[in-house]
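Contents: one structure, followed by commentary.
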Amino acid sequence: MTGQNGAPDTAQGPQDEQDRDGGSNDLATLAKGGRTNFFGFLLRLVARLPFLFIAGRFYGADQLGRFASALIIIEIGGQLATLGLKRGLAKELGQSDREESAVIADGLLLSLLFSSLLAGILFIFPDPMFPNGMNSRWDLLLPFALVFLSVTEVMLAALAFRFNIAATVRSRAVVEPWVLSIAAGALLFVPALAEGGLAISYLLSVAAAAVTAFIPMLRMYGIPHGWKPQTIRLLQIARENLPLALADAIEWGTRRLDIAILGIFVSPATVGVYYVAVQVASLPQKLKTSFEPILGPVIVRKLNEKDFAAIARQVCQAGFWIIAAQTGVALALGIPGEAVMGLVGPGFVGGTGALAFLLGAEVVAATAVVSEAALIYLARIRNLAVSVMTLALQGVLTVALIMLAQHFELAEPFQAASVALALGLVLAFASITKSRMLGRMLGQSINNFRWPLIWAIAPAVVVGYLFTLTPEWIELAIGAPAILATYGYVIWKRGFGPEDRVLFKSGNKAGASAEG
């Protein structure tokens, strides 16, 4: 038997060296994708805050609440309309003997047809989107955003298959949020469109994101010459990816069910305040999704090689990176939470409790997400069953905690906080269940927690508490960076080993460090 260089294998283990090299390359690939998307997270943070400020200060909590309720249906529909290709496309491209551009064209056509069908249904029957009424007639156009959302996901999945994560950053972290913020502000000065400003700006943002994804995809794969839609194959793809599509929609639904249920029990203004807390808390969630586009293709390659130990290492490594980063951001946003929510407007400070629980929920959710990245290929149906169970548990627990809060006559902000608490509890359940399931299937332990996280949290909390005694502008301008710096220093010194530090190296340095 010979190695890759043609030299015979010996007792010294060239194959082991090959495995180590392969593992190093995978680690460097994960790190590179994570770094690129982390930069995108920072850009998204800078772009999202102006929108929240404009929406909160000028459109108001009531309009924001009705807008948030409508987006629940739109975004879940967008996830369903991808038909699982957001993560399933990597498998299609890896196993098909057809031209890659033809496979992608099939996927885009499938998503376009299904999303257009859903958009048409919602346009004709819009009531589910507006449980608390509409802001304006412009809101009726929101279903068309569903088409842009779904095809953008497919295009970005195709780009991620070739490890082009920069396109995701440009589309999702630069173009989409900045168009949203700029359009929302500009439309305030157009009297005829001001009432529909939130809906119009959202439509413009998702359309711009789709165009931004389409251009690099076309450059990378080209036009599929001689392509003809394969109807039977399209139906097979839809059927095979149904568990993936449902899992994606359910995972997305767990981040929207809370808003949907809350809207039944409280005023639109409280829903608007909660929506702002969700948007702030979703910023560390983007750190988690930083690794999703790159982790899927890497796992697919290792599954083809039956290298389960490597999959476990990748899941654990990416999981720790995500939890470490999310924890630092959660501390920096959560400890000065009143000041953060106050930026949007004085009436939004009541959402601080909900913000704290939501930030904690994002941290505990990381293990479920990285475990699911492998489970969707190893056990689609079982993974889907756990996701359905999680969603059902969330619904029951959310209603129970709201009713308990109402029984004790607690104010609406406390009811909103109880909804966020329910989300954190069910995400913890999902993380424990899915990590154990994956561990049994791989024959490896899946654990993303490390004790140095606690050592890093403790001094960061002390520093943060001291800054809460200062004026709000100091708390935000100096306190939040100080919390991050304190946490980052300790986790770097006490929690990060050589492999962990690959995340902060680039190019050949990353490869050299991983190999060392």
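The values are calculated or read from the model by the stated rules, or taken from the named source; none is laboratory data. This is a predicted model, so every value here is computed, not measured. Virtual Cβ from ideal backbone geometry, glycine too; neighbours counted across all protein chains shown. To get the accessible areas, we keep the full protein, side chains included, count just its heavy atoms, and leave off ligands, DNA and RNA. Shrake-Rupley method; radii C 1.70, N 1.55, O 1.52, S 1.80 Å.
Charge tally for VAL103 (other residues, Cβ to Cβ under 14 Å; Lys, Arg +1; Asp, Glu -1): -1. Multiplying the residue separation of ARG494 and TRP473 by 0.36 nm and subtracting their alpha-carbon distance yields 4.4 nm.
Can you tell me the FRET efficiency between ALA309 and ASP97 if r is taken as the Cβ-Cβ distance and R0 is 25 Å, rounded to the nearest 0.05? About 0.30, to the nearest 0.05. For ASP127, the solvent-accessible surface with a 1.4 Å probe is about 120 Å², rounded to the nearest 10.
Averaged over its residues, the stretch 42-158 has an accessible area of 37 Å² per residue, based on protein heavy atoms and a 1.4 Å probe. All distinct Cα pairs of the stretch 167-229 go into the 1/r average, and the inverse of that average, the Kirkwood radius, is 13.1 Å. The P(r) of the stretch 87-130 has a tail past 13 Å containing 63 percent of all C-alpha pairs. Listed cross-link partners LYS228/LYS306; LYS302/LYS493; LYS86/LYS434 are compared with a 22 Å cut-off, the Cα-Cα value being larger for LYS228/LYS306; LYS302/LYS493.
How much length is gained on full extension from ASN447 to TRP227, taking 0.36 nm per residue of separation minus their Cα-Cα distance? Intermediate results must be reported in sequence, preceding the final value.
Values: separation 220, 0.36 × 220 = 79.20 nm, distance 4.50 nm.
Contour length minus Cα-Cα distance gives 74.7 nm.
Count Lys and Arg as plus one, Asp and Glu as minus one, and take only other residues whose Cβ is under 12 Å from that of LEU438; the net charge is then +3. To the nearest µm²/s, what D does Stokes-Einstein give for the stretch 49-164 at 4 °C and 1.567 mPa s, using the Kirkwood radius over alpha carbon pairs as Rh? The diffusion coefficient I find is 83 µm²/s. For SER116 and ARG440, the FRET efficiency from 1/(1 + (r/R0)^6), where r spans their Cβ atoms and R0 equals 45 Å, is about 0.65. Over the stretch 355-480, the alpha carbon radius of gyration divided by the compact-protein estimate 2.2 N^0.38 Å works out to 1.33. When the alpha carbon gyration tensor of the stretch 292-372 is reduced to an equivalent ellipsoid, the three semi-axes, largest first, read 36, 10, 9 Å.
Using 0.36 nm times the number of residues separating MET389 and TRP455, minus their current alpha carbon distance, what extension gain do you get?
On the way: separation 66, 0.36 × 66 = 23.76 nm, distance 3.41 nm.
Extra length from MET389 to TRP455 when fully extended: 20.3 nm.
The Cα-based radius of gyration and maximum Cα-Cα distance (Dmax) for the stretch 391-458 are 16.6, 50 Å.
Given the stretch 173-318 reduced to its alpha-carbon atoms as identical point scatterers, what log10 I(q)/I(0) does the Debye formula return at q = 0.14 Å⁻¹? Log-scaled intensity ratios, in q order: -1.11.
Please give the net charge around PHE114, taking every other residue with its beta carbon less than 14 angstrom from that of PHE114, where Lys and Arg add +1 and Asp and Glu add -1. Net charge in that neighbourhood comes out at -1.
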